[in-house]
Amino acid sequence: MKTKHLLLVLITFLLVMPLGAQTADQILDKVDQLTSAPKDAKQTIRMVLTDRNGREQVRNAIIWQKGKDKRLIKFTSPASYKGISFLSLPNDVMYVYMPAYGKERRIASSVRNQKFAGTDLTYEDLQAKSYKDKYNARLLKKDANQFVLELTSKERSQYSKVILTVNKNYLPVKAEFFNRGNQKVKELTFNFVKSGNYWYAKVITAKDLKTKHSTRMEVISTQFDTGLSDNIFSIRFMKQ
Amino acid sequence: MEEKINKTMLKLAQWVVKWRLPIVLIVLALTVFFGYYAAQIKVDANIVNSLPDSDPAAKLYKEVGKKYQGNTTGIIILQTDNVFRTDVLEDIRDITDSLMAMNGITHVTSLTNIIDIRTSEWGMEIGRLVDEYDLPDTPEELAQLRDRVFSKDMYRGIIVSEDSTTTSIIATYSPDVPEDSISQAIKNVVSQIPLRHVEKIYYAGMPFMMLDTANIIFNDLKVLLPITSLIIIIILALGFRSVRGVVLPLLNVGIAIIWTMGLMVLTGHKLTMISDTIPGILLALGSAYTIHVLNRLNEINLSDRQKALVQAMAFITIPVFLAYITTAFGFTSFIFGSYLTMIRDYGIFTAIGITFSFLLAVIFTPAVISLFSAYRSKDAKRPQETRFVNRVLVPLSIGVTRHPKRVIAIWLGLTVIFFFGIFLIRREVDMVDYFREGSPSRVAQEILDSKLGGSSPIYMVFDGDVQDPQFLKKMFDTEQYMKEHSPYVSYTFSVADLIAQMNEAMGEGYRIPDERAKIEQLWMMIEGEDVMEQLVSPDLDEAIIQARFAKVDSKAYADFVKLMDDYIKRNSSDKIKMSITGLPHTYTNMDRSLIVSQYTSLVIAIILMLIIVSLTLWSLRCGLMAIVPLIITIIISYGFMGYVGITLNVATVLVASITLGVGIDYSVHIVSHYRAYRQSGLDVTEALKETIRTSGNAIFINLVAVAAGFFIFIFSKLVPLNQFAILMSLSMVVAGLAAVTLLPAIIFTTEKQNPKNTEQ
């Protein structure tokens, strides 16, 4: 009698376990499919940085993106930053170009944890890698409107975990980052819209909960699948 | 007029007896009310909070500390045989991470997360000195790290000591959480981390020093106050041999302490390292007033005890008032001319406390006595002439009246000897020296000074256009100037250093670029870095150099202050405005002000005493005579200070005025008793002998109680309080001795010279 019960429980457990795991991964897969669908994109963005006293700074930039691991960011304003460019290439190769020096410099990979250009996004956050490649997922909660996933990094990371909330359309709504002391240190919120065939994050808000500094990054205009040339992702283009 | 006063006093005494029940109830209600607040009293051990805003350096120090979070950094010092080992790095990383995860900590800087700008043949790296996810673990990697640390001024002897045995972790506190609770939490957290190879941990920096001081202050109150009470109980029990004689004075003092502490909390004050002596002082001084009242009651032989009480009160209220008011004025003298607000507040609240004690003694005590019929039985024997009177005071009185000139000569001799000691007095304002040698706080500061580039923060503020090349160059040059010209500054850090390092990484050398555009673009690379908040204002109109000073003595402080003040005079301009503050400046100002405080409060106290005593005795001559023994007492005490090496500090600066305020009572006692005996028909010699016998007894009982109250602080762990205890006790004894020997001798000689007296 007892062993029968136990067996039943075990079988149910074995059946449900992978199912649960699969579900979490499936959700992440769908998220990745939706959010990184275009082959390439060119976007103009506007970043508003707000410090704890409510002081604001505005920056504009153009982003070119091709595939998952080629990206160029070129600042257009303020005047002092105009022309500063960051180029990311496969295998964590990163360059910065400063027009005042007329020189490019390679940036080491260990800067990934660092804030990018005064924003609350780190180089790591800006990586175009898919969620699936970066994280292991576990489904924490599921209801009619949303899924809540717990993500743990596959690589070394400054975060112990990320709680990702995904809406029923498989679009990220919110990502909460926890440090190794299990304190929530950062929160990102996403506002996805559809343009043509693709969903993209029109507005990303990042809030550093320790410094109370926040960044709002808004996509002003966007073009997908225009067939960006590889030449764009080169030092030569950076300097133009 | 005397008649009128006596009548008023009689009426007051009758009124008290009539309204005894409401009086007792009101006092109890007030005690409950103040007690509620008194229980919430907090300690503020931070001497910086006590610096006055009228001093620009002090004001700037407080402002800069707040704005750039510099004053609230706790430093955790780790010691082991060799810092450059993987297991030690793991320990450092674990502590760093645990601190970062704490509430109330905004930044942590350690070997495992410090910013590092590197130049390599292929580019630049703005990152960390070590990769915390991939700590160096081969001998080569560890050696590389060691070379890197020792090749940069910013790290060598600062973050790791030159002998590789010591490293520091610096935690910046959030302004939203009370400092003491963060410091305590850090200690708790760190103690729970299982360490692999770190052997010793020390805690340094202002917040930890303050936590330590606060704990000592609380401990002093918890341990020393009961001991003081016990001593006073024993003295009272011996003096009165009755329960009432012990309970009533203690009750009064207890209530006065509760009211004073309650009032402190209500007015937003905290206990400081000197005001924690207030309860002890109230115990010693305040009980005396009740003792006077009880003594007088005992002396009146009337079978109707209520009448006896009224009579006693009518007689004693004025003398007790005079004793009270002189003491109160002694403390009031601190209100004027004190540099540190904690000294001013100490004066105010001690004066208030003894005012409470006085009021309770003349209103609450009689009310309680009549309410509970706690009179002494009418056949109570008058206290017998004690052995002390017979064996000591009687021979003393004969000696003094027989050889008055010799007595005066001895005192003058002592005065001359001790006078020269005054010039040997050293001053001490540095917090570190308030801890006993070998105490953890002191050891920690000493390690910082000797191994990690110094413990005293310096902030140099530059106002202007921060991204202007001229501005940054000036900062850069100033840092070099400081390091080159002061042997005690080895660590300086500013945004100019970061810009120079990045300029080097861009291939243009370790210097500030000439073009503004370059600075602006480099800025983007470090913008948002935690460290920037500690170096530049958000509006980019102000930047600071953070430096540290390795303390040797106050002379080194003063030299540095002069060096930098001169430099600023030469270099500050409208475009680049410089100002400097830090512990060298605030301590130097404090040091200077300590002497001013001492003179001002002493002069004010002497003038006040002279006025009160002259008015009381209605004779300027008597007033002057009464004050002479005290001035001599003060000279002897200060000479003693100089000879034995007790320093003039925040606590010992109080001694002179307190001595005056308390000691003047002895003189008044002697002079007024002498005059009373003369009026009753005794000749000069007999009157003086009687005076020494009766007043001498009262004075000695009082001074034993008071000296005991002060002396107990010799057991405090704070050095200034130990020294205060020694000096105060000594002063009380000398003041008492001077009152019963020198003063009668002076009276004797002056009276004998008066032809009117020689005829008798």
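Any read-out appearing in this document is the output of simple, stated calculations on the displayed coordinates, not a laboratory observation. Note that the coordinates shown come from a computational prediction; the quantities given were computed from them, not determined experimentally. Virtual Cβ from ideal backbone geometry, glycine too; neighbours counted across all protein chains shown.
Here are the numbers for the structure shown:
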{"read-out": "Shielding by other protein chains, A:77-83, mean Cβ within 10 Å", "value": "3"}
{"read-out": "Estimated translational D of chain B in µm²/s (Stokes, Kirkwood radius over Cα pairs; 37 °C; 0.692 mPa s)", "value": "111 µm²/s"}
{"read-out": "Gap separating the Cα centres of the range B:9-70 and the range B:533-570, nearest whole Å", "value": "36 Å"}
{"read-out": "Taking chain B and dividing mean pair separation by its residue count, relative contact order in percent (alpha carbons under 8 Å, at least six apart)", "value": "18 percent"}
{"read-out": "Peptide A:208-215 - average C-beta neighbours from other chains (10 Å radius)", "value": "2"}
{"read-out": "Candidate lysines - alpha carbon under 24 Å from A:LYS82, same-chain residues fewer than 8 apart omitted", "value": "A:LYS42, A:LYS66, A:LYS70, A:LYS74, A:LYS103, A:LYS115, A:LYS202, A:LYS239, B:LYS518"}
{"read-out": "Reciprocal mean inverse distance between Cα atoms of the range A:39-239 - Kirkwood radius, Å", "value": "17.9 Å"}
{"read-out": "Total lysine pairs whose alpha carbons fall under 28 Å of each other in the range B:174-315 (8 or more apart, or interchain)", "value": "4"}
{"read-out": "Relative packing of peptides A:65-73, B:89-97, B:322-330 - highest average C-beta neighbours within 10 Å first", "value": "B:322-330, B:89-97, A:65-73"}
{"read-out": "Cα-based helix-to-principal-axis angle, A:2-35 vs chain A, degrees rounded to 10", "value": "20 degrees"}
{"read-out": "Kyte-Doolittle mean at least -0.5, axial Cα span of 30 Å or more - DSSP H helices of chain B", "value": "B:243-266, B:278-299, B:305-332, B:583-617, B:620-644, B:655-679, B:684-711"}
{"read-out": "Mean residue ellipticity (222 nm) of chain A, computed from DSSP H runs ≥ 4 via -39,500 (n - 2.57), nearest 500", "value": "-6000 deg cm²/dmol"}
{"read-out": "Coordinate range along principal axes, alpha carbons of the range B:454-584, Å, largest first", "value": "44, 29, 26"}
{"read-out": "Mean ellipticity per residue at 222 nm, deg cm²/dmol - from DSSP H runs of n ≥ 4 across chain B, formula -39500 (n - 2.57)", "value": "-20500 deg cm²/dmol"}
{"read-out": "Pairs of Cα atoms farther than 41 Å apart, the protein assembly as shown, %", "value": "54 percent"}
{"read-out": "Within 10 Å of each Cβ in A:99-107, the average number of Cβ atoms from other chains", "value": "6"}
